[in-house]
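A.B. asks: Questions regarding the structure given below will be posed in turn.
The values are calculated or read from the model by the stated rules, or taken from the named source; none is laboratory data. If you're wondering where the values come from, they're calculated on a predicted model, not measured in any experiment. Glycine also receives a Cβ, built like all others from the backbone with ideal geometry; neighbour counts cover every protein chain displayed. In case anyone asks, the SASA skips ligands and DNA or RNA and just uses the protein heavy atoms, side chains included. Shrake-Rupley method; radii C 1.70, N 1.55, O 1.52, S 1.80 Å.
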Amino acid sequence: MKRLALLMLLLVAQPLLADSNLPPAYWANRQLPDPAQEARAQGLMAELRCLVCQGQSIADSDAELAGDMRDLVRRRIAAGEKPSAIRAWLVQRYGSWISYKPTGELAAWPLWLAPVALLAVGAWMLRHRFRLGTRK
Amino acid sequence: MAQGALRMSRRLRFAPLALLALVIAALIWRLATPGDSNVHSRLEGQPVPQFVLAGAMPGKAALSSSDLATGHPRLVNIFASWCVPCITEVRVLQQLKSQGVIVDGVAVRDRPADVAQFLARNGDPYERIGSDPQSRLQIALGASGVPESFVVDGMGIIRYQHIGPIEESDVSTILAKLHEAK
């Protein structure tokens with residue numbers, strides 16, 4: 001019984017197997033000494049999507065790959081690269097999927113047009129309402 | 001006019017219900033055929049990014065981008081000793097090697113001793129292995145996980161990306177892509 005319980009505990013330990021034995025990259029969880037650079041890095045990291053936990057930004061994710069991506073972002077910012085250039089470099093590799101910042105590409109048009117369309121529908125419905133009221 | 005509007009609103013009454021039916025239909029459709037959550041590299045058809053990796057273990061040749069433009073198509077396999085699906089994949093890679101495929105490895109976030117132990121235990125299909133301790137090459141290639149494999153042609157152009165372990169059932173596809181890359 002005890003042995004079975006111990007074996008069952010092994011099931012809980014399984015997720016550990018998905019991680020490497022190496023410590024996090026140097027800049028994964030360390031701030032850049034220059035506050036302005038760190039702010040730029042933070043801004044970009046909050047808008048980059050984690051490849052492992054696909055609903056999180058790399059700033060929020062605990063995945064090792066996200067840590068390595070934070071290291072990459074901070075290194076490049078420290079080297080003087082612009083956030084937009086780093087984002088473009090990643091988009092070149094992973095597509096616009098990697099960036100949370102909405103773009104003007106065709107697939108994103110419904111996103112931009114939806115609020116306008118909803119406002120128009122709302123206005124039309126209101127007009128309808130007012131008209132009904134005056135006729136009563 | 002008011003009557004017309006009333007008739008209109010009577011028909012509109014069912015609009016929310018129709019909308020609900022539409023949403024439920026969409027949910028059922030997506031549950032039945034889940035979308036592809038894999039992130040595909042955009043570098044297919046592009047040259048391999050410039051890189052130089054150190055050797056992943058003593059006694060094994062290192063890997064750099066110039067090693068991938070040798071006139072022969074190669075299979076670049078991103079793996080790790082800590083990656084469980086990689087254990088079964090190595091066997092398939094050896095099968096590919098026995099069929100004349102040149103397989104190179106990129107060991108992600110790995111230590112030399114671990115790589116050596118992994119290969120001693122599971123077999124070694126690799127011609128060269130580069131070490132990628134901070135996943136930099138992995139990111140530069142547009143790969144999102146371990147294992148992944150890239151078919152690279154003799155000019156160093158990425159021809160095909162395979163996401164996840166290469167299984168027996170994938171061998172024919174990989175061989176065909178390598179043949180196309182000739």
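A.B. asks: Work out from phi, with θ = phi - 60° and the Karplus expression 6.51 cos²θ - 1.76 cosθ + 1.60, the ³J(HN,Hα) of each residue of segment A:40-47, listed in order in whole Hz, and give x for Gly and Pro.
C.D. replies: 4, 4, 4, x, 6, 5, 5, 10
A.B. asks: Using Cα atoms only, what is the angle between the long axis of helix A:64-78 and the major principal axis of chain A, expressed in degrees (0 to 90) to the nearest 10?
C.D. replies: 80
A.B. asks: Still on this structure, please answer the following. Of chain B, which part is the longest with no GluC sites (Glu not before Pro) in a loop (DSSP not H, G, I, E, B) and with at most 15 other C-beta atoms within 10 angstrom?
C.D. replies: Within chain B, the longest run free of exposed GluC sites (Glu not before Pro) spans B:45-166.
A.B. asks: So, one more: Normalised by the residues of segment B:49-118, what does the relative contact order come to in percent, with Cα pairs under 8 Å and at least six apart?
C.D. replies: Across segment B:49-118, relative contact order equals 39 percent.
A.B. asks: Need one number: buried accessible surface between chains B and A, 1.4 Å probe, both sides summed, DNA, RNA and ligands left out, in Å² to 100.
C.D. replies: Buried area between the two chains comes out at roughly 2300 Å².
A.B. asks: Would you pull out the residues with amide H under 5 Å of A:Asp62's amide H, same chain only if 5 or more places away, H placed 1.01 Å from N?
C.D. replies: Excluding prolines and chain starts, which carry no amide H, there are no hits.
A.B. asks: Show the residues, 5+ positions off or on another chain, whose built amide H is closer than 5 Å to the amide H of B:Gly105.
C.D. replies: The answer is B:Asn77, B:Glu127, B:Arg128, B:Ile129, B:Gly130.
A.B. asks: With every protein chain present, what is the per residue accessible area of segment B:87-148 (1.4 Å probe, Å²)?
C.D. replies: Here the residues of segment B:87-148 average 36 Å² of exposed surface.
A.B. asks: Right, another one. Only sites in a loop by DSSP and with at most 10 other Cβ atoms within 10 Å count here; which GluC sites (Glu not before Pro) in segment A:56-114 make the cut?
C.D. replies: A:Glu105
A.B. asks: Sticking with the crude label model, points 7 Å out along Cα→Cβ, report the distance from A:Ser57 to B:Val52 in nm, one decimal please.
C.D. replies: 3.6
A.B. asks: What shape does segment B:52-180 take by its C-alpha gyration tensor, where a ≥ b ≥ c are the square roots of the eigenvalues and a/c under 1.5 counts as rounded, a/b above b/c as prolate, and the rest as oblate?
C.D. replies: Rounded, since a/c falls under 1.5.
A.B. asks: Run through segment B:1-80 and list the trypsin sites (Lys or Arg not before Pro) located in a DSSP loop whose Cβ has at most 16 other Cβ atoms within 10 Å.
C.D. replies: Answer in residue order: B:Arg13.
A.B. asks: Also, quick follow-up: Could you tell me whether the protein assembly as shown comes out rounded, prolate or oblate from its Cα gyration tensor? Rule is a ≥ b ≥ c as square roots of the eigenvalues, rounded for a/c under 1.5, then prolate if a/b exceeds b/c, otherwise oblate.
C.D. replies: prolate
A.B. asks: For segment B:101-167, run through the chymotrypsin sites (Phe, Trp or Tyr not before Pro) and keep only the ones in DSSP coil with at most 14 other Cβ atoms within 10 Å of their Cβ.
C.D. replies: The qualifying sites: there are none.
A.B. asks: First measure r as the distance between the Cβ atoms of A:Ala46 and B:Asp36, then evaluate 1/(1 + (r/R0)^6) with R0 = 25 Å and state the FRET efficiency to the nearest 0.05.
C.D. replies: It comes to 0.45.
A.B. asks: On a straight-distance basis, which lysines could pair with B:Lys182 in a cross-link, Cα separation under 27 angstrom, same-chain partners fewer than 8 positions away excluded?
C.D. replies: B:Lys60, B:Lys97
A.B. asks: Starting from the Cα of A:Lys101, draw a straight line to each of the lysines and keep only those under 20 Å, dropping any in the same chain fewer than 8 residues away.
C.D. replies: A:Lys82
A.B. asks: Still on this structure: Quick one: which residues, 5+ away or cross-chain, put their amide H under 5 Å from the amide H of B:Gln46? H built at 1.01 Å from N.
C.D. replies: Placed amide hydrogens put B:Ile158 under 5 Å from B:Gln46.
A.B. asks: Please compute the contact order of chain B in relative form: average sequence separation of alpha-carbon pairs under 8 Å and at least six residues apart, divided by the residue count, as a percent.
C.D. replies: Worked out over chain B, it gives 28 percent.
A.B. asks: Which ³J(HN,Hα) values, rounded to whole Hz and listed in residue order, are derived for segment B:98-106 from phi using the Karplus coefficients 6.51, -1.76 and 1.60 in 6.51 cos²θ - 1.76 cosθ + 1.60 with θ = phi - 60°, glycine and proline given as x?
C.D. replies: Per-residue couplings from phi come out as 5, 9, x, 7, 8, 10, 10, x, 10 Hz.
A.B. asks: I'd like to know which of B:Ser66, A:Tyr94, B:Val108 lies farthest towards the positive end of the charge dipole of the protein assembly as shown, counting +1 on Cβ of Lys and Arg and -1 on Cβ of Asp and Glu.
C.D. replies: A:Tyr94
A.B. asks: Something else: Going toward the positive end of the dipole of chain A, with +1 on Lys and Arg Cβ and -1 on Asp and Glu Cβ, which of A:Ala120, A:Tyr26, A:Leu9 do you reach last?
C.D. replies: After comparing all options, I get A:Ala120.
A.B. asks: Go through segment A:91-99 residue by residue and turn each phi into a ³J(HN,Hα) via Karplus (6.51, -1.76, 1.60, θ = phi - 60°); whole Hz please, and just put x for glycine and proline.
C.D. replies: For segment A:91-99, the Karplus curve yields 4, 4, 8, 10, x, 5, 3, 6, 10 Hz.
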